[in-house]
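**Student:** If you scroll down you'll find the structure; I have some questions about it.
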Amino acid sequence: MSNCPKCRITLVPAANFCHACGQGIKAFCRACRLDLPENSEFCFRCGDAIWSTMNTPSIGAVAQSHSMISRPVGTIPRSSTAARQVEKQIEGERKLVSIVFADISGFTSMSEKMDPERVTDIINQCFQRLGKKVYESEGYIDKFMGDCIMALFGAPIAHENDPELAITCTLEMLKELDAFNKENGLNLGMSIGINSGLVVAGGVGTDQKLEYTVMGDAVNLAQRIQSAAKRQEILVSRSIFSACEKIFNFQTLEPIMVKGKEDPVAVFSVKNRKDMNSQQPHRNHKIQALIGREREIEIAEKLLHQSTGGKGQIFFVSGEAGVGKSRFKFEIKEKAILKNMIWLEGRSRLLNRETPYYPFIQIIQHYLEINIESTLSDQLAKFSKIRSLMLDDISVSLILDLLNLPNPDCKTLQLDAAQKRRAMFLAIKKCLFLISKESPICLYIEDLHWADPLSLELLPQIADGIQSMPFLIYASFRPDFQHDWSGRTNLTQISLEPLNSEQSLKLVREILQVQELPESFQNLIIQKADGNPLYVEEIIKTLMDSGKISLDGDNCKIAEDLDSVEIPATLQGLIAARIDKLQDKTKQVLQYASVIGREFSDLLLSKASELESELQESLRSLRKKELIFELSEEIDEIIYIFKHALTQEVAYESILKKKRRYFHERVAITIESICSDEDSNRLEENLDPLAYHYEKAEIPDKAIHYLILSAQKMSESYNNDAAIKNYESALEWINKDPNPDAELITQTTYNLAEILILKADFDRAESSFLQIKEIAEKANDNIGLAKCYRRLGDIQRMRGTINKALELLHQSELKAKEAKDFEGEIRTYKAFGSVFQISHQLDKALEYLKKGLEGAKFLDNHKLIAEYLNDISIVHINRNELQQAESYLTESIEIANHDSSLRPLFISSTLNLGVIEYYRKNFGAALSKFKEASHVAQQIGDLKNVLISKHNIGEIQKEFCQYDDALLTFEECHELALDMGNELEEINNHILIAHMKHKLSLSYEARNILEQEIQRCEERKFVALQCDALYYLADIEFENGNALKAREALQRSLHKAKEHHIAHAQERATEKLLEMDNQSSLAGEIPS
């Protein structure tokens, strides 16, 4: 016979707990519930780190296994995970921690009246009892500072609900201090502040003495909040409030000013814990629709039907945290209540794993409608409902004892532990079975994986008796929970899987109450949330709180830096708790893998981490715990992927920055080594990862080298956004050098600007060329200046500012001649030709373009020749010389087809062929060419030609009298042109919008638009567009009976068309005037 290590009473044989004081006797695994040998630290079945319940030291005990670590370890069991984590984490980690400062007041006045030795004893006793509450809440005492306790929740071990644990602990501390005061005739008080935030947790001190602690702004803020708290008050920050507002009742207070903060800090006063039922949505309260669970609901409805029919059923629902078990339960609860079932609910909690029958206590309280606000007299009055079930006296006495209620009517039962256990099992079963005779019953236990051992032993015994009863046992748990119920014929178990992409986006629309979602926002949700509904909701909440997304009516607006979203604190705690349960080497492997990225190979991980001996065992453990999955198997390596993107991010964020830099450097060096050992092609495939890792390692030369190479490769494949990002990153690194390389800046900036022009981001492109111009001027580089002025002129031409463009091109020509840069001169002629084309000075355009073509042929520059051929064809199109234009285009396309770098030129030439077919009235052939050009332009991200293609498609829709479709197309083009800053195309499409509105009988709106744009064209010298606008205005005036105004507009259009040789505009105006004259003759009027 052995004795209890706490109260020393003789134990009954095979006891798990002491029958006198409740002390745990045996070590057991909390994951798989297996009894283990004494002093076990890991489960031999599942490998999980365990807490031994044996030989728990008293609060004053000292447990120090590392001579260099100083800490109040009496608050942590000698064999606990927390103690081991302190030893492991002495070098430091970044952690999300809830910090408690609890300051005790009244010791000073007490010291004046008592002997110092008595005061010291009281202080120690008080700290012991309060420290025990920290330990019981799975916290860690960082230090005692005079009369203040600093406690941590989340370090050294993270829990899923550290903010909740922190508040629970402090509420218990206030109760314990009140009890301590009453026992000792004292009047001590306590003020408490709690904050949550990112800290560095690890060893602080000297080589001779290190102390485990946490440091960071979050710690300072917690202490400042505590100093603002009143006696017996718990103040918390917004981060704690946001995490716990559904669990506790708070009072919102006025924000406070604290040292070190410019803005007032929001604070909230904790009142009490909410009743379990009040934490759930009210039946009349609108909650999010249940999405993607149709099959599972159908299964549940079938089981409810069978249960109410007297065929008892067992329903198990498994799913990872956040997948929607609670939301699914709410749906089942609604359906059960509609079937007149009695719904009884109990929730297992991490903190109450060792509280016997904890979920069954809640179930009976639920039945009796006892909540946290019920007084003792209320509870006793409501207990009459149990008495009315006609239970025997022993069962009534045991249930009173279970609910911790006084038992005045019954004598104290003299039962040993084993007898009491059997009697309690029987009492709870009888109670539930009698309730089911009133009405069918649904007994629900949430989070069964956290249930205490006695509840887990009792539940199958209840299940044994329900086969022919109107009874449904329904329980939910995590996927790693193991049970041996599989042989039961009335058991149905389902697994709630993550939502697919379509379902995830449907949930987003439901939450935000919008239909349209920006594509980048959709991609973020799909990538980050991985189909987990809780992740979806928390990411949206974080984005909304940070202002990265906002709602404007039915529209969802996003910020530019949407990708930089922080990990929601709730999810970070959830994931960090899983990671902290890993063995040391396995956790290290996970962290190293997170540095590589969401996808990683065992070959790279092995070589970079230098953990080859332990690697495969750790990877097996991570796969078993479903933190990673095998993605594919290559010849010499296996590719793995983190199950959740957020798991990778949390693991990565936990690493100290200096350690991250070292890891990134190791990975980059290893990639270079692997690639150099094989072939150069593999190195080219890894340019982007090398750039990324050398950037993160903060090694400038290597980072710049690979960023530029990667950007060049991306621009060649027209991955423009990624190329821009890498060029900009390279420039940031170059400019960090006190003496940056001017030539490198010039070339990198020029490459960036060229892509920005392709993207029609003219403002940023112009800014880039002005930077190059400044460098060239300092170096007296006329060739560079000629190039800058030419491209700045091109930007002005694309904006439609003709005079500015010509001014810059004359500067370019002058600098090229000064530098004797013949190729620069030739390229400037092409730019002149383009400017004269859009201002419809066609003779001048042809003069410059033919002169440039001769020069290009002299240089034997095929790319330049093809560009000139394309531009000359446009002049001939505008002159209505379609045969000549087609000849030039055919030759241009022939050259472009042999050079992949000329894809933009291929698009332009294809568009021009479509224009020729359009003027020939071959609209089907024209539409085919426009669609071909649009497809290629979208592939390479050429926004300018995407715009032109769409515009031309709208022209075809107009010709087919599809005015509604054409209006939508032109409106889309108008918006795109505005975004691009392309005024020429913006005016062009605005004029056509007016024309379509006229065709749709919206003449008043159309006239206003046309009058506005005619004036703008006059100012900008957009002659061809002005001719179009005047023609459409004449059409409106003529149809409205204003013949004189119509003729005036047409004659202005005809005059400008003749002056600037705009053939199609001249022909169209002449035909319209003749039509008007014919109609006037028929009406007996004098024609013009």
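Bear in mind these aren't lab numbers, they're just calculated from the coordinates by the rules spelled out. What you see is a predicted model; the values in this text were computed from it and never measured. Quick reminder, even Gly has a Cβ in these numbers, built from the backbone with ideal geometry, and neighbours come from all protein chains shown.
**Student:** If I fit a long axis through the Cα atoms of helix 612-624 and take the longest principal axis of the Cα atoms of the chain, what angle between them do I get, 0 to 90°, rounded to 10?
**Tutor:** Taking the Cα atoms of the chain, the angle to 612-624 is about 80 degrees.
**Student:** By how many degrees, between 0 and 90 and to the nearest 10, does the Cα long axis of helix 782-799 differ from the longest principal axis of the chain?
**Tutor:** That works out to roughly 90 degrees.
**Student:** Can you compute the FRET efficiency between residue 245 and residue 369 using 1/(1 + (r/R0)^6), with r the Cβ-Cβ distance and R0 = 22 Å? Round to the nearest 0.05.
**Tutor:** Once rounded, the FRET efficiency stands at 0.35.
**Student:** Treating only the Cβ of Lys, Arg, Asp and Glu as charged (+1, +1, -1, -1), what charge dipole size does the chain show about its Cα centre? Round to the nearest 20 debye. Mind showing how you got there, number by number?
**Tutor:** On the way: 129 positive and 161 negative charges, 833 e Å.
In total the dipole reaches around 4000 debye.
**Student:** Report the far tail of the P(r) of the range 582-655, meaning the percent of Cα-Cα pairs longer than 16 Å.
**Tutor:** More than 16 Å apart: 40 percent of the Cα pairs in the range 582-655.
**Student:** Enumerate the calculated ³J(HN,Hα) couplings along the range 912-927 in order (Karplus 6.51 cos²θ - 1.76 cosθ + 1.60, θ = phi - 60°), each rounded to whole Hz, writing x wherever the residue is Gly or Pro.
**Tutor:** Coupling constants for the range 912-927: 5, 5, x, 5, 4, 5, 4, 5, 7, 6, 8, 5, x, 5, 4, 4 Hz.
**Student:** I would also like to ask the following. For the pairs 658/702; 175/271; 143/659, flag any whose C-alpha to C-alpha distance is greater than 23 Å.
**Tutor:** Working: 658/702 18 Å; 175/271 13 Å; 143/659 27 Å.
Violating the 23 Å Cα-Cα cut-off are 143/659.
**Student:** Arrange 694, 357, 919 by Cβ neighbour counts within 10 Å, fewest through most, would you?
**Tutor:** 919, 357, 694
**Student:** Pick out, from 861, 915, 898, the residue whose Cα sits farthest towards the positive end of the charge dipole of the range 860-916, with +1 on the Cβ of Lys and Arg and -1 on the Cβ of Asp and Glu.
**Tutor:** 915
**Student:** Considering only 712, 686, 668, whose Cα is most displaced toward the positive end of the charge dipole of the range 656-722, charges sitting on Cβ of Lys, Arg (+1) and Asp, Glu (-1)?
**Tutor:** 668
**Student:** For a label point 7 angstrom out from the Cα of residue 108 toward its Cβ, which stretches of the range 190-213 have the backbone nitrogen within less than 16 Å?
**Tutor:** The answer is 190-191, whose backbone nitrogens lie closer than 16 Å to the label point.
**Student:** Moving on. Please give the contour-minus-distance gain from residue 844 to residue 495: 0.36 nm per residue of separation, less the Cα-Cα distance, rounded to one decimal in nm.
**Tutor:** Using 0.36 nm per residue and subtracting the Cα-Cα distance, I get 118.2 nm.
**Student:** What lysines does residue 311 reach when the alpha-carbon gap must be under 28 Å and sequence neighbours fewer than 8 apart in one chain are set aside?
**Tutor:** Result set, ordered by chain and number: 302, 325, 329, 333, 335, 339, 385, 429, 430, 437.
**Student:** With charges set only on the Cβ (+1 for Lys and Arg, -1 for Asp and Glu), what does the dipole of the range 293-495 come to about its Cα centre, in debye to the nearest 20?
**Tutor:** In debye, rounded to 20, the range 293-495 gives about 320.
**Student:** Of 992, 875, 462, which is farthest towards the positive pole of the chain's charge dipole, taken about the Cα centre with +1 and -1 on the beta-carbons of Lys, Arg and Asp, Glu respectively?
**Tutor:** So the residue furthest toward the plus end is 462.
**Student:** Okay, next question. Residues with amide H under 5 Å of residue 141's amide H, sequence separation 5 or more or different chain, H placed in the peptide plane at 1.01 Å from N; which?
**Tutor:** Correct list: 152.
**Student:** Could you list 526, 167 so that the one with the fewest beta carbons within 10 Å of its beta carbon is first and the one with the most is last? Could you put the intermediate results ahead of the total?
**Tutor:** Details: 526 18, 167 28.
In increasing order of surrounding Cβ atoms, one gets 526, 167.
**Student:** Which of rounded, prolate, oblate describes the range 390-460, given a ≥ b ≥ c as roots of the alpha-carbon gyration tensor eigenvalues and a/c under 1.5 marking rounded, otherwise prolate only if a/b is larger than b/c?
**Tutor:** Because a/c hits 1.5 or more and a/b fails to exceed b/c, the range 390-460 counts as oblate.
**Student:** Here's another thing I want to ask about it. Step through the residues of the range 709-716 one at a time and calculate ³J(HN,Hα) from phi using the Karplus curve (6.51 cos²θ - 1.76 cosθ + 1.60, θ = phi - 60°), rounding each to whole Hz and writing x for Gly and Pro.
**Tutor:** 4, 5, 5, 4, 5, 5, 5, 5
**Student:** Check the range 573-638 and count each lysine pair with an alpha-carbon distance under 16 angstrom, considering only pairs eight or more places apart or from different chains.
**Tutor:** 7
**Student:** Skipping prolines and chain starts, which residues have an amide H placed within reach, meaning under 5 Å, of the one on residue 532, given they are 5 or more residues away or on another chain?
**Tutor:** 499
**Student:** Taking amide H positions as placed in the peptide plane 1.01 Å from N, state which residues far from residue 469 in sequence (5 or more) or on other chains have amide H under 5 Å from it.
**Tutor:** Here 312 satisfy the definition.
**Student:** In deg cm²/dmol and to the nearest 500, what is the mean residue ellipticity at 222 nm of the chain if only DSSP H runs of at least 4 residues count, each as -39500 (n - 2.57), divided by the residue total?
**Tutor:** Rounded to the nearest 500, it is -19000 deg cm²/dmol.
**Student:** A further question on this structure: Quick one: helix 687-696 against the long Cα principal axis of the chain, what's the angle to the nearest 10°, folded into 0 to 90?
**Tutor:** 60
**Student:** Sorted from fewest to most neighbouring beta carbons within 10 Å, what does the list 620, 238, 791 look like?
**Tutor:** Working: 620 12, 238 16, 791 24.
Arranged by neighbour count, lowest to highest, 620, 238, 791 become 620, 238, 791.
**Student:** Quick one: Cα convex hull volume of the chain, Å³ per residue?
**Tutor:** Spread over its residues, the Cα hull of the chain gives 245 Å³ apiece.
**Student:** In terms of Cα to Cα distance under 16 Å, which lysines are near enough to residue 773, apart from those fewer than 8 places away along the same chain?
**Tutor:** Residue 773 reaches 787, 815.
**Student:** Pairs on different chains or at least eight residues apart, Cα atoms closer than 23 Å: how many lysine pairs in the range 997-1088 fit?
**Tutor:** 12
**Student:** Continuing with the same structure: Give me a comma-separated list of calculated 3J(HN,Hα) values for the range 631-647, in order, Karplus coefficients 6.51, -1.76, 1.60 applied at θ = phi - 60°, integers in Hz, x for any Gly or Pro.
**Tutor:** Working through the residues one at a time gives 8, 7, 10, 9, 4, 10, 7, 10, 9, 10, 9, 5, 4, 10, 4, 5, 5 Hz.
**Student:** Testing the spin-label approximation: label points 7 Å from Cα along Cα→Cβ at residue 920 and residue 215. State their distance in nm.
**Tutor:** Using points 7 Å along Cα→Cβ, the separation is 7.8 nm.
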